[in-house]
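K.L.:
One structure, as structure tokens, below. Some questions next.
What follows draws every value from the coordinates through simple rules; no lab data is involved. Because the structure is a prediction, the values reported are computed rather than measured. Glycine gets a Cβ as well: all are built from the backbone with ideal geometry, and neighbour counts include every protein chain shown.
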Amino acid sequence: MEKTVSTVVEGMTCGNCALTISRLLEKKGMKNISANAASGAVSFTIVGGTEEGKIFDAIDELGYKVVREEDAGTAAAQAPAPGIEKDSLLWMISIALTLPLLLHMFVAWPLLHNPWVQWSLSTPVYLIGCYVFLPSAWRSLRHGIPNMDVLIILGASAAYIYSLIGLLAYTEQAHQYLFFETAASIITLVMTGNWLEHRTVKSTTVAIDALLKLQPQQAALIMTDSLGKESVMTVESKYVRKDDLVLVNNGDTIPVDGEVVYGSAQVDEHMITGESMPAARSIGDAVVGGTLVVDGNIKVRATAVGNASVLSNIIKMVREAQGTKPPLQKLADKISAVFVPTVLAIALLTLVINHWVVGLPFAAAMMRSIAVMVIACPCAMGLATPAAVAVGLGRSARSGILIKGGDTLENLKKIKNIVFDKTGTLTTGKLSIQEFKTNEIEERAFKNVVAAIEMHSSHPIARSVTAQWGAPSDISFKEVKEVKGKGMEAITETDVVWRVGSEKWLHHDAEFDRGYDLYLYEGSRYRGAIRISDELRTDAARTVAELNTMGFRTVLLSGDKAEKCERIAAMLGIAEVHAEQSPEQKNKMLDALMQNGPTAMVGDGINDAPALARATVGISLSESTQIAIQSATIILSNNQLSTLPKAIRLGRYTEQTIKQNLFWAFFYNVIAIPVAAVGLLTPTWGAGLMALSDVVLIINSLRLGIRNIDHD
């Protein structure tokens, strides 16, 4: 028996945290494990009869906190305390105390060389290090999965305790035994790396919370008494059950997936379909929770509630897509999994060989062992990606681009296919009259009649017509009425009947002028048709042409009607079109495209959120819905599609920098550990070189700020 569990873990804010939890779950026999440090989301599949609660308890024992179902509401409502965060305050205290300790290596001030001054400066830093790192290190050892914190505590403790023994036992020759600055610098530098990493993680937005907010909190539940009399009670949406009836009025959001059993309405479904114009829904039609009734009143019988709803499925798809790790991250995880035990083994071997084989005094052998642990401290590894990303983000912000993290930058270099949504992405999403045709009526008279009728409607199409053609004052009707889901009907003083409406209502039997959005009829005589569309972005054609020149395969993937999509694609030079796609169909199509090569998805709507998260790289515009922005990994913050090629180039350059940084970090350890093991590197110099390695990474990252991203 298998059961998939998804939860949120508080305190899982870095890659090391996520790796520790993943390794614990692997040890417990869980499958399909995903731990996302950016969102705090953890999912896994329980195989066999293991109790879910026991797994959660084991995660809690590591020092994290699993948000149980009963705590989810209060946890979401809690806000961080104002003022300086505790970790930041401890970090700043450590820096203030460590700098004088490191300064004594370069200046001859007697006060800084006083052993007791060094002890008094290093002791608070060491205690802070124990407070920050010791609980995690101890718990990881208890569960047999030692993490980076074990190395930090062992290295700092060995240096501090050895120095303290030297200070107390060899007071007159204490300077030969003092390495207080080493203990303090280990802790401070690692806390600096963690602080940078946490800042990078906190800048990553989370799509799941925003998706959850789309679900209406309340529903107008229809109650029927024994006499058949109906009454309406406002309840929380979570209490609506399958087959319950709910009332949805004009301007309300539909609270559940269901079927219309009474009335008719125009429903804004762009969050699901991407279609910019509202859809007519009447008795027997299906509606989706989270969509908006822009005109009309309906009663809906709930057909899917809770986890079975369309919105819940979208949330699930986003979670699954966000949990997928790219190859470089997987490689780093594998190296990290064996890094700590390997370094500990090397440090122990160094002590044994130097003391019992080479014959060095125990103190000298111990210092070489400490040097190994100090030089192997994972500071550079922790800074490799955040440093490059920080510079890349700064450069991209100046160029109108927001890139979320190094994983995106790694994937961006591999992109072969670029998939575009239509509405709001290649187009502005604003409705306008694209073209019209007249039949045996003057153009001016055609415009006046249509505008005079549509001024009586609040439908978005009607508003766009009157906005462009105005409201004529020379035409009057004795009666104007709306035919729900079809259009408008007006009767003149001379009893002439004019109708403006859909093809299905007025023009379905005709064999000419098909595919328009509005038709005008005078009695039974066809007088003309109007095509409504949203405007193309001014830079869309230029952007697509540049991407085609760069060798990308461009694809249009939309929930809109086929004829509209094909017309837009032809105007822009996009050869491949997939229209009338639901969010699930978009995901399947995206999977098919990704099998042929890494794929970027450019979208703006809620319906694009799963595809944006699932794609190799998700790209959104700044005027997109918050869901699309949160699901995407690249945001064109100046809302200009033309910055997309720049984003691709910047991604390539930043990914190169991250790889260079990671190479230096690992190369540094590979070279430095043997050097420390043979006694050519003291812990003091090890701490200095460790800091120098961070400086090298930062300088290499700063090169990103001057690279040209306008051209290859």
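K.L.:
Nearest 0.05, what FRET efficiency do residue 6 and residue 338 give at R0 = 35 Å with Cβ-Cβ as r?
P.N.:
0.75
K.L.:
What does a probe at residue 456 reach in segment 522-537, counting residues whose amide N is under 20 Å from the point 7 Å along Cα→Cβ?
P.N.:
The answer is 522-530.
K.L.:
Can you list residues from other chains, or at least 5 along the same chain, whose modelled amide H is less than 5 Å from the amide H of residue 179?
P.N.:
Here 163 satisfy the definition.
K.L.:
For segment 407-543, take every pair of Cα atoms, bin their distances at 10 Å starting from 0, and report each bin as a whole percent.
P.N.:
The percentages, shortest bin first, are 11, 37, 27, 12, 8, 5, 1, 0.
K.L.:
Okay, moving on. Could you work out how far apart the two model spin labels at residue 588 and residue 504 are, taking each label as a point 7 Å from the Cα in the direction of the beta carbon, and quote it in nm?
P.N.:
Distance between the two pseudo-spin positions: 2.3 nm.
K.L.:
State, to one decimal in nm, how far the label point of residue 484 lies from the label point of residue 580, with both points 7 Å from Cα in the Cβ direction.
P.N.:
Each label point is offset 7 Å from its Cα along the Cβ direction, giving 2.6 nm.
K.L.:
Full-extension gain between residue 88 and residue 141, please, as 0.36 nm times their residue separation minus the C-alpha to C-alpha distance.
P.N.:
Contour length minus the Cα-Cα distance gives 16.4 nm.
K.L.:
May I pose another question? With viscosity set to 0.692 mPa s at 37 °C, what whole-number translational diffusion coefficient in µm²/s follows for segment 216-312 from Stokes-Einstein and a Kirkwood radius over Cα pairs?
P.N.:
It diffuses with D of about 248 µm²/s by this estimate.
K.L.:
Which distance in nm do the two modelled labels at residue 680 and residue 567 give, with both placed 7 Å along the Cα-to-Cβ direction?
P.N.:
Spacing of the two 7 Å Cα→Cβ label points: 7.4 nm.
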